[in-house]
């Protein structure tokens, strides 16, 4: 259903987990999503673990001891070098200048003007996720930000995204994103007061058959439920974290092919 062979530039295409406990993450996500794992040695040291659903790579896990657990979101681009340079011109802070990932592709990492980290991916041997929008697969990417208007202007200029605002009492409550091919491609929403002084961040959504069952499994597997389950008008959603603190969301509802 959600098989992919390529991604248009400006499309979210991959997510990987940086964690202090790769083995613990495998146990958690394998139990939650039924992922199967394939370890690959990283030149220079380390292991990059591909996570599979029905034989397709859908995400990855990498051990990084010096950072809190977090999910990294990737957007496909035609040129990592040109996109990183453009992002810097628009006010981003480039943390990782463009570099080759063996023959898989070329990438860069930046923080947008609101502080949200994002990766850009210029594919070569690896297109990104071979399957999306199916259970256990990535289905949505959402920016939680203190300044949705500035974020929308930044990303529209960077990726040529089209944005559409949803308002309530004159205030923006959500912004939907469409990529260059006019496909729905994620969203942005204002950070709530409960986040305190936390910086803006991109959050990965994974598809599940049952939000309630997924929440129960998260608790059983040692994770935490941060919000929900809730019904925002489309589907059923919960925001959760794994045992190492990496935050993500689960979604039950209709998805695109």
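The values are calculated or read from the model by the stated rules, or taken from the named source; none is laboratory data. Computed from a predicted model, the values in this text were never measured in an experiment. In this analysis, Cβ positions are derived from the backbone assuming ideal geometry, glycine residues included, and neighbour counts consider all displayed protein chains.
Worth pointing out:
- Residue in region 188-195 that is closer than 18 Å to residue 138 by Cα and surrounded by fewer than 21 Cβ atoms within 10 Å (Cβ to Cβ) present: no
- When restricted to residues that are on the phi < 0 side of the Ramachandran plot and assigned to a loop (DSSP other than H, G, I, E, B), region 135-150 contains 4.
- Among the candidates 76, 19, the residue that is at pLDDT 95 or above and out of contact with any helix residue (DSSP H, G or I) (no Cβ under 6 Å at 6 or more places or on another chain) is uniquely 76.
- Filtered by the rule that a residue be touching a residue at least 40 places away in the same chain (Cβ under 8 Å) and outside any strand (DSSP E or B), region 228-257 gives 242, 243, 244, 245, 246, 255, 256, 257.
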